[in-house]
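Report on one structure; see the data block that follows.
The values are calculated or read from the model by the stated rules, or taken from the named source; none is laboratory data. From a predicted model like this one, the values you see are computed outputs, not experimental measurements. Glycine also receives a Cβ, built like all others from the backbone with ideal geometry; neighbour counts cover every protein chain displayed. Heavy atoms of the whole protein, side chains included, go into the accessibility calculation; ligands, DNA and RNA do not. Shrake-Rupley method; radii C 1.70, N 1.55, O 1.52, S 1.80 Å.
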2 protein chains.
Amino acid sequence: MKEHIMFRMAGKEDLDAIVKMLADDVLGKVREQYTNPLPEGYLKAFQAIDADPNNELVVACRENDIIGVMQITFTPYLTHQGSWRATIEGVRTSSSVRGQGVGTQMINWAIERAKELGCSLVQLTTDKQRDDALRFYQKLGFNATHEGMKIKL
Amino acid sequence: MKEHIMFRMAGKEDLDAIVKMLADDVLGKVREQYTNPLPEGYLKAFQAIDADPNNELVVACRENDIIGVMQITFTPYLTHQGSWRATIEGVRTSSSVRGQGVGTQMINWAIERAKELGCSLVQLTTDKQRDDALRFYQKLGFNATHEGMKIKL
């Protein structure tokens, strides 16, 4: 039987569960800080995301548990004769559900959401250190056509 | 003498010059449409960008000429303990000024703008078909740490 997962916009009360997932990650464990209380930066960032109509912080839930999180940013561009793109970022699933296809359901949900809002493209970048992620996204139909370049300020 | 370039937010009256640049590009020539009047999609996209406080369409000008355009998107994220990122997209310079360092001045301006607004990261993706772009951005300090993946809807 296919696992029933519910998707909804995250609320402030979900922040603890979300940061726990962000910190429980091979790269996140060195750069996140899951403490009680949470560092104030998380709340400020949540409020900024929540206030922006072009940003959606989405949680995947099973019964009362939050088992996944991702952020989708919708951006209007002049290119391609004027178009909207959806950018998926910060995709994490709870370590308790890994290997159960939750990530696949999340990305497919994001693609449907992007279609619903009239986007012509869904994009994301994945760290080259994440060996499995490239194959995961390729299986879902993404093409690695671009170099993802970053500069820290 | 270093060329004096002025940067400002684009207005509706700049749209013709901007689309002309987007269409005069190795990839843009097949996907853009520079006609008079312009396809309505460009105006709609301009209005959406203009209305979004987290998106800036910036033009580079020399005297009365528009010689470059780029879009900067500012996005709040929970990751890195709550942070803002700037994403640069749709960077184009007029073919009349190529090789004069205009692109370098544009990207450096975008980096300064991102610092001014408190971003911790500047990011962009560049099509792997654009041979020179990777080296151009590496010279400016960007690292190609990520795969840029896309799916057309």
Taking only the stretch A:107-144 into account, find how many residues are in a helix (DSSP H, G or I) and among the β-branched types (V, I, T). 2
When you scan the stretch A:88-116, how many residues do you find that are touching a strand residue (DSSP E or B) at 6+ places or on another chain (Cβ under 6 Å), within 11 Å of another protein chain (Cβ to nearest Cβ) and farther than 18 Å from A:L22 by Cα? 3
Is at least one residue of the stretch B:37-53 touching a strand residue (DSSP E or B) at 6+ places or on another chain (Cβ under 8 Å) and not in a helix (DSSP H, G or I)? yes
Can you tell me which residue within the stretch B:106-124, out of those that are crowded, with 21+ Cβ neighbours inside 10 Å and farther than 17 Å from B:K139 by Cβ, is nearest to the chain's Cα centre (by Cα)? B:A114
For the stretch B:38-50, does any single residue satisfy the condition of being of a type in the set (S, T, Y) and farther than 30 Å from A:L38 by Cα? yes
Take the conditions among the basic types (K, R) and without any contact (Cβ under 8 Å) to a residue 24 or more places away in the chain and apply them to A:R98. Does it pass? yes
So A:G148 clears everything in (1) open to solvent by less than 30 Å² (accessible area, probe 1.4 Å); (2) outside any strand (DSSP E or B) except one condition, right? Which one? (2)
For a quick check of your reading of the model, give me the residue pairs whose first member lies in the stretch B:130-148 and is more than 9 Å from chain A (Cβ to nearest Cβ), whose second is in a helix (DSSP H, G or I), with beta-carbon atoms closer than 7 Å and at least 6 apart or on different chains. B:F136/B:G103
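Select from the stretch A:36-51 the residues that are hydrophobic (A, V, I, L, M, F, W, C) and more than 8 Å from every other protein chain (Cβ to nearest Cβ) and write down the one among them that is surrounded by the most Cβ atoms within 10 Å (Cβ to Cβ).
A:L38
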Out of A:C119, A:C61, I need the residue that is away from chain B (no Cβ under 12 Å) and either touching a residue at least 40 places away in the same chain (Cβ under 8 Å) or within 23 Å of A:K150 (Cβ to Cβ) (or both). Which one? A:C61
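If you check A:D14 against the conditions, is it more than 21 Å from A:A133 (Cβ to Cβ), acidic (D, E) and modelled with pLDDT of 95 or more?
yes
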Considering only the stretch B:2-23, state which residues are open to solvent by 40 Å² or more (accessible area, probe 1.4 Å) and in a helix (DSSP H, G or I). B:K12, B:E13, B:D16, B:K20
Considering only the stretch A:134-144, state which residues are more than 12 Å from A:I107 (Cα to Cα) and crowded, with 16+ Cβ neighbours inside 10 Å. A:L134, A:A144
Of the residues in the stretch B:58-105, those that are small (G, A, S) and open to solvent by 30 Å² or more (accessible area, probe 1.4 Å) come to B:S95, B:S96, B:G99, B:G101
Could you tell me which numbered condition A:Q33 fails, if it satisfies all but one of (1) out of contact with any Phe, Trp or Tyr (no Cβ under 9 Å at 6 or more places or on another chain); (2) surrounded by fewer than 19 Cβ atoms within 10 Å (Cβ to Cβ)? (1)
